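Visitor: Okay, here's the structure, questions in a sec.
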Protein chains: 2
Amino acid sequence: MAKNEASIPKGTRDFLPGEMVKRNYIFKTIRTVFERFGYLPIETPAMEQASTLTGKYGEEGDRLLFRILNSGNYLAGVSDDEILERNVNKLKTSLSDKGLRYDLTVPFARFVVQHLNEITFPFKRYQIQPVWRADKPQKGRYREFFQCDVDVIGSNSLLNEVEQIQIIDEIFKNLGIRIMIRINDRRILFGIAEVIGEADKIIPITIAIDKHDKIGPHKVNEEMAVKGISEKAIRELQPILGLTGSVEEKLNELENKILLCSRIGRKGVDEMKRLFGYLKTLNLEVDPIFDLTLARGLDYYTGTIIEANSIEMKIGSLCGGGRYDDLTGIFGLNDVSGVGVSFGADRIYDVMEKKDKFPEDTTSTTTIMFVNFGEKEEIHCLSLLAEIRKSGIKAELFPDKVRLKKQMNYANQKNVEYVGLVGENEMKNGLITLKNMKTGDQELIILEELIEKLS
Amino acid sequence: MAKNEASIPKGTRDFLPGEMVKRNYIFKTIRTVFERFGYLPIETPAMEQASTLTGKYGEEGDRLLFRILNSGNYLAGVSDDEILERNVNKLKTSLSDKGLRYDLTVPFARFVVQHLNEITFPFKRYQIQPVWRADKPQKGRYREFFQCDVDVIGSNSLLNEVEQIQIIDEIFKNLGIRIMIRINDRRILFGIAEVIGEADKIIPITIAIDKHDKIGPHKVNEEMAVKGISEKAIRELQPILGLTGSVEEKLNELENKILLCSRIGRKGVDEMKRLFGYLKTLNLEVDPIFDLTLARGLDYYTGTIIEANSIEMKIGSLCGGGRYDDLTGIFGLNDVSGVGVSFGADRIYDVMEKKDKFPEDTTSTTTIMFVNFGEKEEIHCLSLLAEIRKSGIKAELFPDKVRLKKQMNYANQKNVEYVGLVGENEMKNGLITLKNMKTGDQELIILEELIEKLS
């Protein structure tokens, strides 16, 4: 075999046991809430057809897709001329017909259409899987990271939005992360673009507004000017984005003044009013905010948009999503509306780690390790272990008869809670010396007592 | 956006909720046993450096690796001449410096060396992740499939083998799958190759013997002849492989007669004797068999080898592994011995599905769905739902006010256990009509009773 350096591709990570336990705590908390709201799990393959992925995430997205080199003679269908042209983007489609999943949304749309006869609408699914992007790796940004998506598709009801806001509220409450939830409606943004005379520029306007939090209002205006939004329109936009007052006051101002002449805009206001009406009847931990500067970059949103951010740490959004009216249209299934949000497990991990939010017992591993005193004791311990494990207790026997210090060191490093010592005396008397590794206390007890204590 | 057919790459699969629940049942059963024996979880990235993967799985393995096309200008470092040579194998290393994980063993070896200062030996880890192979897809063989590996590294003790056999026994007992466990020792096979005068041909002999179950003794002999094993050696091998009697009788025959002149062979016999000695003291569900025809194809095994097969269904091994003495040597860390076994989740799934081994409640989903009677009832139901979910019960409200039949149909399709009906009357009296979907029984109860019943 070839000799190698032990390293992994940049932007990817190994997870050690200590990290795994914490990550699993996050996934379990999220999964439990998803299921409690009636969502069911699905999984899709890591690889999708390249044609499923390309053209869905904009030019930038296409560039960031990881492509799989075709198996066998991947040059078979490519002429010398084509190769020598060195048009790497064009050539890519000949060399590679598969790519790695870039998010969970497009595979979900593909899934819904492909399994139309196997699912019932409204289809409520969740999906927790890694995605891959060839982004420049940097602090907190990885090339392999985990998304936790929850979507319902095939229902126009606003109750779905209500439910997903409840889910966000519940998950962060259970994780102990303090957040703010911001809500807006894409139709209100459409309406605003309409009334300032730039209806056809809704996408650059949205993209610019989306950066409001990161770069501030001044740079947002600069960006809009660069994209060809008129000076007059930008000027008219300012008081709208700076609207103050309660949710009701803002929505009334939009309805009765600003969006008086935009039918789509008023439809958005109407839905926001109904949505906040529902939310008021719920006993949420966090009161969602109506925020006109919330835009969310992705093209496919058409109604409500939602985002949650940590209020303890500046780290970008921990969760975001919204209503889309034609996600499955790409795959030939039109007029199916859905709404979904995505939780970023890696950022949530970072907040919990930095702000010390993991419960203490998230670090525990094996409950009891028995010291190895030799062959006779081994056989005795093996039968003790069998009984202990039957009660669901995590237990192990150190495999080698080495110095006690080395064995205790292993137990320490592994954060084992108890150590069991069974030497000749204990064997004779049917007892176990149980040492509490935290307090250092030792006691001589029988197996039944030990099991009761550790259960 | 581009329009597409909804399909996935051949050899890959989507998992629908019904399958997910069953797969998660298998993973959870396996994980629980792993943890009960003191093993801790790790995960490694889907992509590894190509250099980590190539040359580790033989020529066939290299061919079956999925390679990732480099990002950006992947032709930058490649000359026209190199391209026009069309040597796809050589060119591959220029176009691609990453590949998808082919198994969990090589990434584990890489992990151990890379994180040497963060782990304590003996290091007991388990890992449950998908792997990818560009195999020809066929019934029961996929290009993306899941392995569940459990390994301990950094200990020579035979107790590790004992423990892993216990783990196999326990997992299949808990899954309800009837298996046989076969055990052999590579050193005995080395010894046999030695005494029949073909010590240098141990690899082709092993590979041939490994096919004993699949193709029968006659074809095994033919294959050995093709690989240059002498007729005399093949003749001498027959009575050895056909050895009968109890484990003790076979091992004695090997020790005192057949392997009298092979030191390594007798070392293997000695360890097998000790191993079966330990196993006798345990109360295993299945008595492991000593099987001289078990060889296991992979090069890196050096001691005990283990395999488990279904005795109810012909489907290849469900689990296999063994002792390796130099897995981390490839990455520059020598003389670290380990032992590990790998469970094939997909084959286990197939056996459980075909033989109807999944417990009945593996199919359950949402516990209660409330029928949607309109806006006033919605708001009333939302607060009921909040209380019900607080008790950990999975509950949902149908999002749209549509015909009752359609809503009940949804509940049926989703296998919901109960349906809650709250109309004007129920609202007025603070009651809920609870319908049991299996029996069809209906009753009028208060919220507290409902929660108690469904908890």
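The values are calculated or read from the model by the stated rules, or taken from the named source; none is laboratory data. A quick note: this is a predicted structure, and the numbers were derived from the prediction, not measured. Cβ sites come from the backbone with ideal geometry, for glycine too, and all protein chains shown count toward neighbours. For the accessible areas, the whole protein counts, side chains as well, though only heavy atoms, and no ligand, DNA or RNA atoms are used. Shrake-Rupley method; radii C 1.70, N 1.55, O 1.52, S 1.80 Å.
Visitor: For B:Thr302, which sequence-distant residues (separation of 5 or more, or a different chain) have an amide H within less than 5 Å of its own amide H, given hydrogens modelled in the peptide plane?
Guide: Result for B:Thr302 returns B:Arg323, B:Tyr324, B:Asp325.
Visitor: Roughly how tilted is helix A:186-195, in degrees to the nearest 10 and between 0 and 90, from the longest Cα axis of chain A?
Guide: Rounded to the nearest ten degrees, it is 20.
Visitor: Here is a follow-up. Among B:Gln238, B:Ala308, B:His212, flag the residue with its Cα farthest along the positive direction of the charge dipole of the stretch B:181-314, charges on Cβ as +1 for Lys/Arg and -1 for Asp/Glu.
Guide: Sorting the options by dipole projection puts first B:Gln238.
Visitor: Step by step: find N for the stretch A:17-354, compute 2.2 N^0.38 Å, then divide the Cα radius of gyration by it. What's the final number?
Guide: Here the Cα radius of gyration is 1.05 times the empirical estimate.
Visitor: Going by alpha carbons, how many degrees (0 to 90, nearest 10) lie between the helix axis of A:263-281 and the longest principal axis of chain A?
Guide: It is inclined by approximately 30 degrees.
Visitor: Any idea what angle helix A:375-390 forms with the longest principal axis of chain A, computed on alpha-carbon atoms, 0 to 90 degrees, nearest 10?
Guide: Relative to chain A, helix A:375-390 is tipped by roughly 40 degrees.
Visitor: With charges set only on the Cβ (+1 for Lys and Arg, -1 for Asp and Glu), what does the dipole of the stretch B:364-454 come to about its Cα centre, in debye to the nearest 20?
Guide: 380 debye
Visitor: Counting heavy atoms of the protein chains only and a 1.4 Å probe, report the per residue accessible area for the stretch B:203-313 as a whole number of Å².
Guide: Dividing the accessible area of the stretch B:203-313 by its residue count gives 52 Å².
Visitor: Only helical DSSP H runs with n ≥ 4 go in: add -39500 (n - 2.57) per run for chain B, normalise by residue count and round the 222 nm mean residue ellipticity to 500 deg cm²/dmol.
Guide: One gets -12500 deg cm²/dmol as the mean residue ellipticity at 222 nm.
Visitor: Roughly how many percent of the accessible protein surface of the protein assembly as shown is carbon and sulfur, given a 1.4 Å probe and a whole-percent answer?
Guide: 47 percent
Visitor: Given an 8 Å cut-off on Cα distances and at least 6 residues of separation, report the relative contact order of the stretch A:364-454 as a percent.
Guide: 32 percent
Visitor: Once the Cα atoms of the stretch A:364-454 are picked out, what are the Rg and Dmax in Å?
Guide: Cα radius of gyration and Dmax of the stretch A:364-454 are 11.8, 32 Å respectively.
Visitor: Size of the dipole of the protein assembly as shown about the Cα centre, Lys and Arg at +1 and Asp and Glu at -1 on the beta carbon, nothing else charged, in debye to 20?
Guide: About 640 debye.
Visitor: Output wanted: per-residue J couplings in Hz (rounded whole) for the stretch A:88-103, from phi through Karplus 6.51 cos²θ - 1.76 cosθ + 1.60, θ = phi - 60°, x for Gly and Pro.
Guide: Couplings: 4, 5, 6, 4, 3, 5, 7, 7, 9, 10, 9, x, 7, 2, 9, 8 Hz.
Visitor: Whole-Hz Karplus ³J(HN,Hα) for the stretch B:51-63, in order, using 6.51 cos²θ - 1.76 cosθ + 1.60 and θ = phi - 60°, x for Gly and Pro?
Guide: Couplings: 5, 5, 8, 5, x, 9, 10, x, 4, 4, x, 4, 5 Hz.
Visitor: Defining a contact as two alpha carbons under 8 Å apart and six or more residues distant in sequence, what relative contact order in percent does the stretch B:46-171 show?
Guide: Rounded, it is 25 percent for the stretch B:46-171.
Visitor: In what sequence, highest mean first, do B:114-120, B:34-40 appear when ranked by Cβ atoms within 10 angstrom? Present the calculation step by step, with values, prior to reporting the outcome.
Guide: On the way: B:114-120: 14.3, B:34-40: 22.7.
Descending mean neighbour count gives B:34-40, B:114-120.
Visitor: Still on this structure: Setting aside same-chain residues fewer than 8 positions from B:Lys357, which lysines have a Cα under 22 Å from its Cα?
Guide: Answer for B:Lys357, where 22 Å is the Cα cut-off: A:Lys390, B:Lys22, B:Lys28, B:Lys139, B:Lys173, B:Lys314, B:Lys414, B:Lys438, listed by chain and number.
Visitor: Sorted from shortest, what are the nm distances separating the label point of B:Gly197 from equivalent points in the other copies, each placed 7 Å from Cα along Cα to C-beta?
Guide: 10.2
Visitor: Using amide H atoms built in the peptide plane, which far-off residues or other-chain residues are under 5 Å from A:Leu397 H to H?
Guide: Excluding prolines and chain starts, which carry no amide H, the hits are A:Phe370.
Visitor: How many Cβ atoms of partner chains, on average, are near each residue of B:63-74 if near means within 10 Å of its Cβ? Before the final figure, lay out the partial values.
Guide: Values: counts 2, 1, 2, 8, 7, 10, 14, 5, 10, 3, 3, 7.
Average per residue, whole number: 6.
Visitor: With an 8 Å cut-off on Cα pairs and a minimum separation of 6 or more residues, tell me the relative contact order of chain B in percent.
Guide: Computed over chain B, the figure is 15 percent.
Visitor: Moving to a separate point now. With the cut-off at 1.5 for a/c, could you classify the stretch A:100-175 from its C-alpha gyration tensor as rounded, prolate or oblate?
Guide: It is oblate, given that a/c is not under 1.5 and a/b is not larger than b/c.
Visitor: Starting at the first residue of the stretch A:170-176, write each ³J(HN,Hα) from the Karplus equation 6.51 cos²θ - 1.76 cosθ + 1.60 with θ = phi - 60°, in whole Hz, x for Gly and Pro.
Guide: Along the stretch A:170-176, the couplings run 5, 4, 6, 4, 5, 7, x Hz.
Visitor: When the Cα centres of the stretch B:209-229 and the stretch A:267-306 are compared, how far apart do they sit, in Å?
Guide: When both Cα centres are located, 69 Å separates them.
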